[in-house]
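A.B. asks: Let me give you the structure first, and then I'll get to my questions.
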Amino acid sequence: MTAETKKQRTVILGTDWWTDCDDAAAIRIACRADKAGLWHLTGVICNACMEYSAASLNAFLTSEGYGNLPLGLDREGTDFGGKPPYQKILAENLPHTVKSNEELPDGVETCLHLLEEAEDRVEILEIGYPQVLAALCAHPDGYRYMRDKVSCLWMMAGNWEKDGVGVENNFARAPRSRKAAAYLLENCPCPIVFLGWEVGAAVISGKPETIPDESDPLRMAFIAHGSKDGRSSWDPMLVLLALTGDAEEAGYTLRRGWASVNPETGENRFRYDEAGPHAYVTKTMPDGWYEETLAKWLC
């Protein structure tokens, strides 16, 4: 599709920007798609909070030319564990204007503002934890915006490979993510398309032959993460699926129905129904095809 056919698209990106470096790859694609006029990225909501979350996210966005992009942060999202080395390295080595988490507004309030200000229909891309989205659905204005203004919620979440049943980090990581996922899937008034763990696990992006420059901020993040030879591509594949906007064109088929999550265990399940509001994707192409497509956006 051309920039002309997609120029009216408006997107909001949610990310945990947590311990994994594939969020950085996803954000690079989202920013470059904006630069290409394929959509308008209006803001990023970070739904996990660690010491260098705000500074490193702003630093990476600044390196992509998006240092002024509106950001929001869930400051209560501190219960996911881990100490991401790439956040500290990016914050210490790249220019940034946001210095601390306290400088960012609340993630839910930011998302409400972005939805209120949007003149056209909005798509939300979520590559992190679901608690901000669940809180939006529990908020009267948020629910109304999700129902009336959001055309699709694209989520990297779930493990659907065993007939729709599985466990995956973004749903199951912690008590808050499990409860939020269950609430979101029961109450979200807009369609949801999931790209699950099984889709991206074997597709490797960020290989040194595709991003050889170690001063490239994305390469810096991958090396600091311990993924100098590349990383599974869950998050960038979700962004590229959403960008393409058509499952078949993006190399997938859709399985439609009703998704649910157990609020205690985080296990996802799926009830198949062609009229259902939810869908998950299955790959139709070999892993190398997706790797080549991603490399064109990341190098």
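The values are calculated or read from the model by the stated rules, or taken from the named source; none is laboratory data. Keep in mind that what you see is a predicted model, and the values were worked out from it rather than measured. Methodologically, a virtual Cβ is constructed for each residue, glycine included, from the backbone with ideal geometry; neighbour enumeration extends over all protein chains shown. Just so you know, the surface numbers come from the protein's heavy atoms only, side chains and all, with ligands and any DNA or RNA stripped out. Shrake-Rupley method; radii C 1.70, N 1.55, O 1.52, S 1.80 Å.
A.B. asks: Any idea how many residues of region 72-87 are among the polar types (S, T, N, Q) and surrounded by 21 or more Cβ atoms within 10 Å (Cβ to Cβ)? It would help to see each step written out before you state the result.
C.D. replies: Quick first cut of region 72-87, residues among the polar types (S, T, N, Q) only: 78, 87.
This time we only want the ones that are surrounded by 21 or more Cβ atoms within 10 Å (Cβ to Cβ), so: 87.
Of the residues in region 72-87, 1 are among the polar types (S, T, N, Q) and surrounded by 21 or more Cβ atoms within 10 Å (Cβ to Cβ).
A.B. asks: Among the listed residues Leu90, Leu69, which satisfies the condition of being on the phi < 0 side of the Ramachandran plot, surrounded by 19 or more Cβ atoms within 10 Å (Cβ to Cβ), assigned to a loop (DSSP other than H, G, I, E, B) and in contact with a helix residue (DSSP H, G or I) (Cβ under 6 Å, 6 or more places away or on another chain)?
C.D. replies: Values: Leu90 fails: assigned to a loop (DSSP other than H, G, I, E, B).
Result of the check over Leu90, Leu69: Leu69.
A.B. asks: In contact with a Phe, Trp or Tyr (Cβ under 9 Å, 6 or more places away or on another chain), of a type in the set (A, V, I, L, M, F, W, C) and in contact (Cβ under 8 Å) with a residue 40 or more places away in the chain: does that describe Ile12? So that I can check it myself, show each step before the final result.
C.D. replies: Values: in contact with a Phe, Trp or Tyr (Cβ under 9 Å, 6 or more places away or on another chain): no; of a type in the set (A, V, I, L, M, F, W, C): yes; in contact (Cβ under 8 Å) with a residue 40 or more places away in the chain: yes.
The answer is no for Ile12.
A.B. asks: Output yes when any residue across region 140-147 is part of a helix (DSSP H, G or I), among the small types (Gly, Ala, Ser) and within 25 Å of Arg9 (Cα to Cα), and no when none is. Before you say what the answer is, go through the steps one by one.
C.D. replies: So the first thing to find is which residues in region 140-147 are part of a helix (DSSP H, G or I), and the list is 140-147.
Going one step further and asking which of them are among the small types (Gly, Ala, Ser), we end up with 142.
Still in the running and within 25 Å of Arg9 (Cα to Cα): 142.
Yes: one or more hits.
A.B. asks: Among the residues of region 78-105, how many are touching a Lys or Arg at 6+ places or on another chain (Cβ under 7 Å) and closer than 24 Å to Pro263 by Cβ?
C.D. replies: Pass one, region 78-105, residues touching a Lys or Arg at 6+ places or on another chain (Cβ under 7 Å): 79-80, 101.
Next, from what is left, pick out any that are closer than 24 Å to Pro263 by Cβ: 79-80.
Count: 2.
A.B. asks: Taking interchain pairs and intrachain pairs at least six residues apart, which have beta carbon atoms under 7 angstrom, with the first residue in region 281-299 and free of Cβ contacts under 8 Å to residues at least 60 places away in the same chain and of a type outside the set (A, V, I, L, M) and the second loosely packed, with under 15 Cβ neighbours inside 10 Å and assigned to a helix (DSSP H, G or I)?
C.D. replies: If the second residue must be loosely packed, with under 15 Cβ neighbours inside 10 Å and assigned to a helix (DSSP H, G or I), no pairs are left.
A.B. asks: List pairs: first residue in region 167-182 and hydroxyl-bearing (Ser, Thr, Tyr), second residue open to solvent by less than 70 Å² (accessible area, probe 1.4 Å) and modelled with pLDDT of 95 or more anywhere in the structure, Cβ distance under 6 angstrom, at least six positions apart or on different chains.
C.D. replies: Filtered contacts from region 167-182: Ser177/Tyr129.
A.B. asks: Tally time: how many residues in region 25-53 are more than 16 Å from Lys83 (Cα to Cα), open to solvent by less than 20 Å² (accessible area, probe 1.4 Å) and assigned to a helix (DSSP H, G or I)?
C.D. replies: 8
A.B. asks: Give the residue, chosen from Ala201, Ala275, that is under 22 Å from Gly164 (Cα atoms), among the small types (Gly, Ala, Ser) and open to solvent by 40 Å² or more (accessible area, probe 1.4 Å). Steps first, answer last, please.
C.D. replies: On the way: Ala201 fails: open to solvent by 40 Å² or more (accessible area, probe 1.4 Å).
The unique qualifying residue is Ala275.
A.B. asks: Assuming Leu61 fulfils every condition listed in (1) farther than 23 Å from Lys296 by Cα; (2) part of a helix (DSSP H, G or I) apart from one, which condition is it?
C.D. replies: Tallying (1) farther than 23 Å from Lys296 by Cα; (2) part of a helix (DSSP H, G or I), Leu61 fails exactly one: (1).
A.B. asks: I'm told Glu248 meets every condition in (1) under 25 Å from Lys35 (Cα atoms); (2) among the acidic types (Asp, Glu); (3) out of contact with any Leu (no Cβ under 9 Å at 6 or more places or on another chain) except one. Can you identify the failing condition by its number?
C.D. replies: Evaluating Glu248 over (1) under 25 Å from Lys35 (Cα atoms); (2) among the acidic types (Asp, Glu); (3) out of contact with any Leu (no Cβ under 9 Å at 6 or more places or on another chain) leaves (3) as the failure.
A.B. asks: Just wondering, is there one or more residues in region 175-192 that are closer than 20 Å to Cys21 by Cα, out of contact with any Pro (no Cβ under 9 Å at 6 or more places or on another chain) and not hydroxyl-bearing (Ser, Thr, Tyr)?
C.D. replies: no
A.B. asks: Picking from Asp235, Asp213, which residue would you name as being open to solvent by 40 Å² or more (accessible area, probe 1.4 Å) and not polar (S, T, N, Q)? Before you say what the answer is, go through the steps one by one.
C.D. replies: Values: Asp235 fails: open to solvent by 40 Å² or more (accessible area, probe 1.4 Å).
Result: Asp213 is the single residue among Asp235, Asp213 that is open to solvent by 40 Å² or more (accessible area, probe 1.4 Å) and not polar (S, T, N, Q).
A.B. asks: I've got another one for you. Which residue, of Val132, Val108, Val98, is crowded, with 24+ Cβ neighbours inside 10 Å, at pLDDT 95 or above and not in a strand (DSSP E or B)?
C.D. replies: Numbers: Val108 fails: crowded, with 24+ Cβ neighbours inside 10 Å; Val98 fails: crowded, with 24+ Cβ neighbours inside 10 Å.
None of the other options fit; the residue is Val132.
A.B. asks: Additional query: Among Thr19, Thr62, Thr10, Thr78, which is at pLDDT 95 or above and over 18 Å from Ala242 (Cβ atoms)? Steps first, answer last, please.
C.D. replies: On the way: Thr19 fails: at pLDDT 95 or above; Thr10 fails: over 18 Å from Ala242 (Cβ atoms); Thr78 fails: at pLDDT 95 or above.
Result: Thr62 is the single residue among Thr19, Thr62, Thr10, Thr78 that is at pLDDT 95 or above and over 18 Å from Ala242 (Cβ atoms).
A.B. asks: Scan region 15-35 and report the pairs whose first residue is hydroxyl-bearing (Ser, Thr, Tyr) and whose second residue is open to solvent by 10 Å² or more (accessible area, probe 1.4 Å), with Cβ atoms within less than 6 Å and a gap of 6+ or a chain change.
C.D. replies: Short answer, once both residue conditions are applied: Thr19/Gly82; Thr19/Pro84.
A.B. asks: Check Ala174, Ala157 and return the single one that is touching a helix residue (DSSP H, G or I) at 6+ places or on another chain (Cβ under 8 Å), closer than 30 Å to Glu267 by Cβ, of a type in the set (Gly, Ala, Ser) and buried (at least 18 other Cβ atoms within 10 Å of the Cβ). Please lay out each step first, then the result.
C.D. replies: On the way: Ala174 fails: touching a helix residue (DSSP H, G or I) at 6+ places or on another chain (Cβ under 8 Å).
So the residue among Ala174, Ala157 that is touching a helix residue (DSSP H, G or I) at 6+ places or on another chain (Cβ under 8 Å), closer than 30 Å to Glu267 by Cβ, of a type in the set (Gly, Ala, Ser) and buried (at least 18 other Cβ atoms within 10 Å of the Cβ) is Ala157.
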